[in-house]
1. Hey, any hits in segment 212-223 for a residue that's part of a loop (DSSP other than H, G, I, E, B), crowded, with 22+ Cβ neighbours inside 10 Å and within 22 Å of the chain's Cα centre (by Cα)?
2. Residue check: is R303 within 16 Å of the ligand (Cβ to nearest atom), of a type in the set (K, R) and within 24 Å of the chain's Cα centre (by Cα)?
3. Please find, among L124, L157, the residue that is part of a helix (DSSP H, G or I), among the aliphatic types (A, V, I, L, M), away from the ligand (no atom under 16 Å from the Cβ) and under 20 Å from Q282 (Cβ atoms).
4. For the subset of segment 314-336 comprising residues that are surrounded by fewer than 17 Cβ atoms within 10 Å (Cβ to Cβ) and of a type in the set (A, V, I, L, M, F, W, C), which member is farthest from V489 (Cα to Cα)?
5. Working only within segment 182-193, note down all residues that are of a type in the set (A, V, I, L, M) and either without any contact (Cβ under 8 Å) to a residue 24 or more places away in the chain or away from the ligand (no atom under 15 Å from the Cβ) (or both).
6. Test of understanding: among V120, V196, which residue is β-branched (V, I, T) and under 30 Å from S267 (Cα atoms)?
7. Please verify whether R292 is within 20 Å of A208 (Cα to Cα) and among the charged types (D, E, K, R), treating the condition exactly as stated.
Amino acid sequence: MRRWLTPLLCMTVFGSATAQQPARLPDRGAAVVAAGRTFVFYSDPVFNLHDFLVWSTFSREPVEPAPDCLAGLPPEQRAAFEHAREHYKVLATPSGNALLLRLRYRLAGFGDFGSPDAVVEAALAELPPAAPAYEKCWWPAHDARNRRWIAALQPLLEANEDALSKRLSDLYGEDLGRPFPVDVVSYGTFVGADSVVNPDHLLVSSIAPANAGTAALEVVFHEASHTVFGPRLDGRLWTDLEAAAKADGAPLAPNFWHAMLFYTTGSAVKARLAERGIPYEQYLYTQGLFERSWPGFRGPLERLWQPYVDGRVPRVEALKQIVAAHKLPDRGAALVAASRTFEFYSDIVTNLHDFLIWNARSQEPVEPKPDCLARLPAEQRAAFEHARDYYAKTFANGANDLVLLSMRWRLAKFGEINLADAAQIAATVAELAPATPAYQTCWWPEHDARNRRWVASLLPLLDANEGALRARLAQLYGQELARSLPVDVVGYTTPDGGSPVLNPHQLLISSARPSSVGYSALEVLFREASQTIFGLRAPGPLWQALQQASTWAAKPVPEDFSRLLVFFTTGKVVQARLAEQGVPDYRSYVYREGLPERWSPAHREALERVWQPYVDGRVPMADAVKQLVEAFPPAPR
Ligand SMILES: [Zn+2]
């Protein structure tokens, strides 16, 4: 049930209604199961039939198949159901999202907001004839499941809904005291629950494991919070957050607000339950969202935002602090230069660490200096050799990568973000200070000079191309690069010449590898930066479109292909830009390295025939991702 393990796309979608929230909810007769002051819950047979058909469309495996029951039906009932199921495949097309939104509002009784649309009417017309089969074969079990879920939530709501509604209205600065319509269904969405606003409508799965038990209380209030906090909304906390970020001049990470919403609502639910003696761990922690997606957000939220949630610090003060926490840390003289997008550092400890790793991971010693080491005081030499042996023992052959990831944030002064055993990270950090004098004497002057030369030669290229590359990449990936990405310039990093860590973002770029000198420096830099807006941990619009197309087509996007796609896309963009600037013969990294010859024919075909037109700006994103996924080999079943 992978789809419930990635609840990060739980985004707010806007209806197109221009009117405000209707004063009363639509009359939906017997579908109302429970109505309170904050939520009205429905278990509606037509909505659930629709949900079942949607689920069947997007699922790789047959959903709750009931062949015997279907076989026992009158042929016309069975045929009508099969017809509807076939018809719903229309949702797995680029216009499917818009259709899904309109169907949702229609089925929830809100009427239609767009112009009359034959596609919407055609889908709705499938439902009445398909209903008898659904009601016979699935509905009794689905309805019972929905009602059990609603019934289990009721006592929690009765005891806590007013207090929570009041508390969250205060925290978000906008009233949550309206009844929200909640359709309870089996599947719901890829993420188990979601919300649309204007008018507001919530959808919750009664079978998603993460929505079970006490968590149901957080889930419904989480979705309700989405109607007052997020982009384009005007709840006071949201507008104050935007104002604070603007005043500070440093933009927040793109998904930070969603982590903040998870944190705020989850903490309020936890605090309320604690008052009544009920232990509860919030969704962020039980589902491991910090670890999986937002490691850098944990510290600021726990340290600077919890006091606001507790009512100990005023909103304006807490917002100021949390916005400031996202500025880059002060790294003193290690800062070499800054551009609109990047801040470049040549830092002795980061470089020592990189040097030790590459010695640990390469066949031959890297830049050995036996004479220099021999001239050092014995304790300096011993400390350096101790560190070198420790790194060789710990990191050879790609071992302990999570320690290295955690070290990167640590050395870039982002604080203690631990993705691995804290003691092991501390032990590695402890090797560095004693080894520094030897490194400083024997290698650092040359390394630092090499890094600074690399930055100096890059700056005129950035001057000439940064704005144009930012604009082109923003079009292709669907999102602008942040400002002030920290770039640590080191000797070696990876064979590709660069690598990113995400949330908080930091790039490592090699000043010594041939793959990152001259014009290639520009490519390596923007390629690594592109991974801050395209990838599992930084899912920008292009990434999301690709995942959705891949889900619809039941063809997974292989991890290494996503990486290839970034290499290909950004490389081509840099190549095209340099050609405009009078550099006609620049070859992008993948071609220089002869990678296409090593790709599978399917990958090569997908990138060169299908994806190149998108990179050239000749095909819209929705069509391009669909064609790209079509060009993939089918998933092994
Ligand atoms: Zn959400």
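The values are calculated or read from the model by the stated rules, or taken from the named source; none is laboratory data. Just so you know, these numbers come straight off a predicted model, no measurement behind them. Every residue, glycine as well, gets a Cβ built from its backbone with ideal geometry; the counts of neighbours run over all protein chains shown.
1. There is no residue in segment 212-223 that is part of a loop (DSSP other than H, G, I, E, B), crowded, with 22+ Cβ neighbours inside 10 Å and within 22 Å of the chain's Cα centre (by Cα).
2. no
3. L157
4. Restricting to residues being surrounded by fewer than 17 Cβ atoms within 10 Å (Cβ to Cβ) and of a type in the set (A, V, I, L, M, F, W, C), the top hit is V316.
5. Within segment 182-193, V184, V185 meet the criteria.
6. V196
7. For R292, the condition - within 20 Å of A208 (Cα to Cα) and among the charged types (D, E, K, R) - is met.
Condition check ((1) assigned to a loop (DSSP other than H, G, I, E, B); (2) out of contact with any helix residue (DSSP H, G or I) (no Cβ under 6 Å at 6 or more places or on another chain)) across all residues:
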{"position": "F534", "(1), (2)": "yes, no"}
{"position": "P539", "(1), (2)": "yes, yes"}
{"position": "A545", "(1), (2)": "no, no"}
{"position": "A554", "(1), (2)": "yes, yes"}
{"position": "V557", "(1), (2)": "yes, no"}
{"position": "F567", "(1), (2)": "no, no"}
